[in-house]
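Engineer: Input: one structure, supplied below.
Nothing in this text is a laboratory measurement; each read-out follows from the coordinates by a stated rule. Predicted model only: the values in this text are computed from it and were never measured. Because the Cβ atoms are built from the backbone with ideal geometry, glycine has one as well, and the counts that use them run over all protein chains shown.
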Amino acid sequence: MEVRFWGTRGSVATSGAQFVRHGGNTTCVEVRAGGWRLIFDAGTGIRALGEAMLRPDTLKLPTAIFFTHLHWDHLQGFPFFGPAWDPRWKLFLFGPGEGGGERLEASLRQQMLPPQFPVAFDAMRSQMEFRDAPPNRRLELGEHVIVKSAALDHPNGCNGYRVEADDASFVFCTDVEVPPDLALPKRIVDFAEDADLLAFDAQYTPEEYEGHVGACRKGWGHSTMIEAARIAGAAKVKRLLLTHHDPSHDDDAIQAKVDAARVIFPATDAAHEGQRLRLRGARPWIRLSDEPSTSEVSVH
Ligand SMILES: [Zn+2]
Ligand SMILES: [Zn+2]
């Protein structure tokens, strides 16, 4: 299994010399496993991923995009995702919750309506198939990939995802609020248990969360690096990456969060744009023809 981060910023994209180490694009993560390309969220990071996918030397893998939720920092890149415009591509798009596929399609259409956008959604000519990703389910992609979903505490709801394939596991929990000083939610700890890699929301410092610096952020739907580290420790994951970096946090501020989290969970880093991790047990990728994939997807 290979995990690659194309966008790790939360809330809104940012740029500038002080952000280059971690990057400024909003959430997008690519996972290649079991002969599939899974994409988590279509923040602005998905634009560059699309360019990479269209290069002639890139493997054409069946592709499924899982949306954690429909907040704009997780959708905004989709109109700039090249494969969505190409009729040769088939894309499975999973929206969170019962009826999530329909809501996802409506949201993607809506963000391209006039007067906000110059080109209509229907001009995107790829074969899109919208599916539901209800929480607490197990989805099978082909024979070798399992994706599990869990409901996370976030305004309007959010799905966490756990990918199991190639004898490895990756858990992605962005946009989740774990209040400090309370018992950790067992549901999330169990969901992340023993993962080879956990990427977890760590948007705020404790001072920001409590409102000692600027507005009080309680109820805004995000965690601090301390709670991310506590979850990682309780779940006994092998490695933790902090993600959904606040747009006001420059590279030094993010490093300070990593240093604080390492006191609790030493195997902590901050996710950064362009980061590529190969998790154990990589299976050789299946090379496909140029035909669009008709690989099976089933939900249990
Ligand atoms: Zn977000
Ligand atoms: Zn959100």
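Engineer: When Lys and Arg each count +1 and Asp and Glu each count -1, what net charge do the other residues less than 13 Å away from GLY211, Cβ to Cβ, add up to?
Structural biologist: Here the count lands on -1.
Engineer: Out of residues 5 or more away from SER169 or on other chains, whose amide H comes under 5 Å of its own, with H placed 1.01 Å from N in the peptide plane?
Structural biologist: Here ASP196, LEU197 satisfy the definition.
Engineer: Ranked highest first by average number of other Cβ atoms within 10 Å, how do 44-56, 161-173 line up?
Structural biologist: In descending order of packing, they fall as 161-173, 44-56.
Engineer: Okay, next question. Peptides 148-159, 261-272, 9-20: what's the order by average Cβ count within 10 Å, highest mean first?
Structural biologist: 148-159, 261-272, 9-20
Engineer: What does the net charge come to around ILE65 if you take all other residues with beta carbon closer than 15 Å to its beta carbon, with K and R at +1 and D and E at -1?
Structural biologist: So the surrounding residues net to +1.
Engineer: Where a ≥ b ≥ c are the square roots of the eigenvalues of the C-alpha gyration tensor, would you call the stretch 1-153 rounded, which needs a/c under 1.5, or, failing that, prolate if a/b is larger than b/c, or oblate?
Structural biologist: The shape class here is rounded.
Engineer: Using only helices, what value at 222 nm comes out for the chain when you add -39,500 (n - 2.57) per DSSP H run of length 4 or more and divide by the total residues, to the nearest 500 deg cm²/dmol?
Structural biologist: -5500 deg cm²/dmol
Engineer: As a quick test, which of the pairs LYS186/LYS257; LYS60/LYS186; LYS90/LYS236; LYS90/LYS218; LYS218/LYS257 have an alpha carbon distance above 29 angstrom in this structure?
Structural biologist: Going by Cα-Cα distance, LYS60/LYS186; LYS90/LYS236; LYS90/LYS218 fall outside the 29 Å limit.
Engineer: To continue, here is another question. Report, in whole Å, the centroid distance computed from the Cα atoms of the stretch 195-257 and the stretch 116-135.
Structural biologist: Taking the Cα centre of the stretch 116-135 as reference, the centre of the stretch 195-257 is 31 Å away.
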